[in-house]
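The values are calculated or read from the model by the stated rules, or taken from the named source; none is laboratory data. Because the structure is predicted, anything quoted here is derived from the model rather than measured. No Cβ is skipped: glycine too gets one built from the backbone with ideal geometry, and neighbour counts run over all protein chains shown. All accessible areas refer to the heavy atoms of the entire protein, side chains included, with ligands and DNA or RNA removed. Shrake-Rupley method; radii C 1.70, N 1.55, O 1.52, S 1.80 Å.
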Amino acid sequence: MSGNSGQIIRRHIEVSGFVQGVGFRPFIHRLASGFGLSGWVCNGHAVSIEVEGREDVIQAFSNAMQTELPEQAEIHAIRSVATEPQGGKEFSIITSKSVSDKHLALLSLDKACCNACTMELLTPSNRRYRYPFISCTDCGPRYTIMRDMPYDRGNTSQSAFALCRPCHREFETSNNRRFHAQTQACPDCGPQLLFADKNGDENPGDAISMGASVVKKGGIIAVKGIGGFHLVCDAKNTEAVHRLRQIKQRPDKPLAVMCRNTAGLARYGTFNEAAANMLKSTSRPVVLLQKSAEKKWMQAVAPRLAWLGWMLPYTPLHHLLLHELDGRPSATDYLDQASSQVLVATSANISGGVLAAENAEILAEFAGKIDGFLLHDRDILNRADDSLLCLHGKKAVWLRQARGISPQAIQLADSMPSIAAMGADLKTTLTLSKKDIAFVSPHLGDMQHPDVFSLAENTYSRLCDLLHIRPEAVAADLHPDFFSTRLAEKLAAGLNIPLYRIQHHHAHVAAVMAEHHLNGPILGLALDGFGFGEDGTVWGGELLRVDAEGMIRVGRLRPVPLPGGDMAARQPWRMAVSFLQAGLGDGAEELTARLFPDNPMRQAVLQLCQCDRTLRTSSAGRLFDAAAAIIAGCHLSSYEGQAAIELESLCESPDGAELSFSLERTGCLNELDFTPALIEIANKRLAGASIARLATAFHAGCIQGFAELVKESAGETGISDVVLCGGCMANAVLAEGLRTTLQSQGLQIWMPEKLPPGDAAISLGQAWVAANVLEGAHA
């Protein structure tokens with residue numbers, strides 16, 4: 001600090017980061033008023049502040065702003081300049097400024113109902129007792145109701161509800177929890193809930209009681225949440241769960257479950273402090289937890305898996321439904337005491353389709369199929385499914401990012417051109433970059449579904465408008481027939497800008513590099529189910545050398561036939577036949593006959609494997625499919641990754657068992673061959689070996705084999721930085737085994753942290769690669 005500390009000065013301060021929709025303006029108002037400063041604060045592309053007072057007091061204010069900020073706020077940058085003093089004695093919140101194309105604003109994310117609001121919600125004397133849209137500056141919907149920036153009530157669907165006098169008084173009172181809370185409402189002025197019967201006809205009366213009554217009787221209801229609808233039933237009623245599966249056309253894929261607090265969850269799942277913190281976080285994701293004891297109802301909810309996906313209630317409506325089902329305990333008992341009540345709360349869509357978010361949509365899809373609907377009249381403007389993660393020890397690994405997490409702003413190492421990246425065809429996300437931030441959209445779904453394609457188009461337009469982004473180029477997958485590629489072609493042609501096609505596994509590795517600010521060169525081990533290769537074959541077990549200038553393939557899994565193309569992913573036994581035929585030739589006839597004696601297609605698949613025209617694959621995902629078919633009899637997969645997930649569920653603690661594999665030089669590539677391991681496993685399985693021990697041994701062999709592949713190439717290239725990525729890295733046994741093994745060999749390991757390891761990260765990698773290519777073209 002320079003000059004006279006008692007001198008009156010005025011400073012204009014711009015604060016960027018997550019500072020909208022988190023109570024930052026009320027915080028600044030209270031802080032500045034407490035220091036006796038005059039001036040104002042408002043939203044815009046950032047939060048703008050002007051403060052006037054003694055220089056030393058303003059410095060103290062600035063320090064406190066960074067050290068005492070609201071829990072959910074995150075400051076990325078502060079810019080402060082001197083301006084002329086204007087006098088004045090008051091500090092106020094003024095009308096927000098519009099956001100221009102030149103500026104960068106971060107989007108506010110949805111927050112779970114806070115404990116303070118939940119206490120009010122369940123306290124009979126409170127004026128918001130049992131009001132399902134209670135919120136404050138610390139909680140409530142944000143992105144899902146936003147139509148424009150900055151985040152102000154007038155730019156959201158909450159604008160349809162004018163504040164009553166008591167609510168307006170709270171909104172204007174600086175020491176009130178709802179001071180400038182944009183979703184402020186009460187039963188007299190806010191959104192309203194209603195219950196509709198199975199035909200979609202409104203029933204007058206207590207909507208919560210009617211909905212709970214249906215669930216108690218074994219029925220299924222749709223519940224409108226923050227980002228869309230849930231289908232809800234009693235998780236312990238296996239008949240209701242089986243019926244729900246039939247309606248959703250989802251025979252095996254696990255369903256998420258909800259209970260009111262971690263005290264109740266502890267009866268059924270095992271979790272550590274890291275998991276508890278994620279469960280109770282404001283984003284309220286679904287967290288995969290190990291089952292503490294196998295119950296009959298758990299098999300109906302998550303067949304043949306060792307874990308369940310749990311979440312805690314995150315909307316007032318969820319709390320009210322659980323509160324009603326438990327007989328309306330006191331607020332304190334509800335929050336603190338264990339309950340045995342468990343609900344299935346799964347996305348309201350037909351398997352593969354778009355999450356229903358509008359009242360008309362849910363009624364059109366499910367009226368006459370389920371038993372009731374809890375609807376309300378506040379519009380959801382931006383759909384967002386529940387986010388999902390698992391724990392690798394204490395480390396959170398994202399599997400799906402949407403409500404409460406996305407759109408996620410990824411800080412880049414440097415400013416880069418604005419890129420619109422369309423991602424892959426499965427677990428699709430979009431990425432839009434602007435300056436040194438890449439915005440990754442919420443999970444959209446699988447692009448083969450026409451509704452998901454339309455959602456992707458709409459999401460692109462919405463994010464461009466919200467973020468004021470005008471792309472300079474479009475990026476897409478290398479696969480010519482991906483629907484995401486077709487969308488990219490359409491956008492590039494319409495905007496008359498360049499289109500860059502990025503190889504799938506290159507993008508996987510690049511996403512981790514972008515996240516960790518790596519320029520390379522690095523070695524990237526990308527293990528997944530499918531990616532179109534530069535040679536026109538199916539890749540998926542790849543070791544790449546990557547830097548900002550491009551990538552070179554330096555290692556792979558030995559390619560084997562992919563009999564039946566995409567059908568091989570849905571019928572894992574086909575890959576078992578393929579690997580065994582690749583390793584044994586004619587000798588595979590006898591072994592496959594013993595493994596799959598009643599399969600009428602076995603001979604035809606053997607013939608396909610011997611045909612030179614059959615497509616070949618180096619996919620690690622198909623390797624895991626083959627192992628699952630041999631070890632656990634996983635012959636059919638009704639959802640992506642099912643066989644591999646079930647195989648991981650069988651694993652025990654590693655016992656040091658070793659399996660045979662080979663690592664050879666083939667041309668310019670190091671090639672890893674696991675066919676000897678699968679032959680060994682098949683013979684042991686037929687000899688009666690333990691399924692769990694074989695599953696464990698297979699994982700141990702994969703860890704050893706892939707580690708050898710990386711180690712060999714690291715020695716040849718002199719590169720010690722290694723990225724581990726791809727959908728297979730969601731497998732905790734494989735990912736953690738590889739990480740610890742490679743670290744013990746002196747290598748620096750980089751893994752996804754802010755994004756999932758699978759295809760949801762592809763769009764970020766595409767944007768990073770395309771930006772580097774575009775910058776190179778302009779150099």
Measuring from label point to label point, each 7 Å out along Cα→Cβ, what is the His516 to Asp377 span in nm? 5.3 nm
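In percent, what relative contact order does the stretch 284-426 have, based on Cα pairs under 8 Å that are 6 or more apart in sequence?
Details: 106 pairs, mean separation 34.9, N = 143.
For the stretch 284-426, the relative contact order is 24 percent.
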If you average the sequence gap of Cα pairs under 8 Å that are 6 or more apart and divide by the length of the stretch 444-495, what percent do you get for the contact order? 30 percent
Taking only C-alpha pairs under 8 Å that are 6+ residues apart, what is the relative contact order of the chain in percent? 11 percent
Using only the alpha-carbon atoms, how far is helix 207-216 inclined from the longest principal axis of the chain? Give it as 0 to 90 degrees, nearest 10. 30 degrees
Could you please state how large a percent of the accessible area of the chain is carbon and sulfur, counting protein chains only and using a 1.4 Å probe? 48 percent
Hey, what angle do you get for helix 573-584 against the long axis of the chain, alpha-carbon based, 0 to 90 degrees rounded to 10? 40 degrees
May I ask you to evaluate 6.51 cos²θ - 1.76 cosθ + 1.60, the Karplus curve with θ = phi - 60°, for each residue of the stretch 594-605 and list the ³J(HN,Hα) values in order in whole Hz, giving x for glycine and proline? 6, 6, 10, x, 9, 8, x, 9, 4, 5, 5, 5
Rounded to whole Å, give me the distance from the Cα center of the stretch 190-218 to that of the stretch 406-471. 37 Å
Spin-label point model (7 Å from Cα, Cβ direction): what's the Thr238 to Asn496 distance in nm? 6.5 nm
Fully extended contour minus Cα-Cα distance, from Asp148 to Ala160, at 0.36 nm per residue: 2.9 nm
Counting only protein chains, not ligands or nucleic acids, how are Arg177, Arg165 ordered by accessible area (probe 1.4 Å), most first? Arg165, Arg177
Going by alpha carbons, how many degrees (0 to 90, nearest 10) lie between the helix axis of 238-248 and the longest principal axis of the chain? 90 degrees
Which percent, nearest 5, of DSSP beta bridges in the chain are antiparallel? 75 percent
With every protein chain in place, the accessible area of Phe483 for a 1.4 Å probe, in Å² rounded to the nearest 10, comes to 70 Å²
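What shape does the stretch 214-310 have by the C-alpha gyration tensor, where a ≥ b ≥ c are the square roots of the eigenvalues, rounded means a/c under 1.5, and otherwise prolate means a/b greater than b/c and oblate the rest?
Details: a/c = 1.80, a/b = 1.29, b/c = 1.40.
Taking the square roots of the gyration eigenvalues as a ≥ b ≥ c, the stretch 214-310 is oblate.
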Sort His242, His699 by heavy-atom solvent-accessible area, probe 1.4 angstrom, most to least. His242, His699
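When only the heavy atoms of the protein chains count and the probe is 1.4 Å, how do Thr666, Thr675 rank by accessible area, highest first?
Heavy-atom accessible area, descending, gives Thr666, Thr675.
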Which ³J(HN,Hα) values, rounded to whole Hz and listed in residue order, are derived for the stretch 392-408 from phi using the Karplus coefficients 6.51, -1.76 and 1.60 in 6.51 cos²θ - 1.76 cosθ + 1.60 with θ = phi - 60°, glycine and proline given as x? 9, x, 9, 8, 6, 10, 6, 10, 8, 10, 8, 3, x, 10, 10, x, 9
Cross-link reach from Lys435 to lysines, straight Cα distance under 25 Å and at least 8 residues apart if same chain, gives Lys97, Lys102, Lys490, Lys754
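Mind running the shape call on the stretch 616-724? Use the C-alpha gyration tensor, a ≥ b ≥ c as the square roots of the eigenvalues: rounded below 1.5 for a/c, prolate if a/b tops b/c, oblate otherwise. Please report the intermediate quantities before stating the final value.
Working: a/c = 1.89, a/b = 1.69, b/c = 1.12.
The shape class here is prolate.
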Using the Karplus curve 6.51 cos²θ - 1.76 cosθ + 1.60 with θ = phi - 60°, work out ³J(HN,Hα) for each residue of the stretch 540-555 in order, rounded to whole Hz, and write x for Gly and Pro. x, x, 10, 10, 10, 9, 10, 9, 5, 8, x, 9, 10, 7, 10, x
With the other protein chains left in place, how much accessible area per residue, in square angstrom, belongs to the chain at a 1.4 angstrom probe? 37 Å²
In whole Å, what is the distance between the alpha-carbon centres of the stretch 239-281 and the stretch 704-779? 31 Å
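Sort the chain into rounded, prolate or oblate with this rule: let a ≥ b ≥ c be the square roots of the eigenvalues of the Cα gyration tensor; rounded if a/c is under 1.5, and if a/c is not under 1.5, prolate when a/b is larger than b/c, oblate otherwise.
Details: a/c = 2.06, a/b = 1.39, b/c = 1.49.
Oblate, since a/c reaches 1.5 and b/c is not below a/b.
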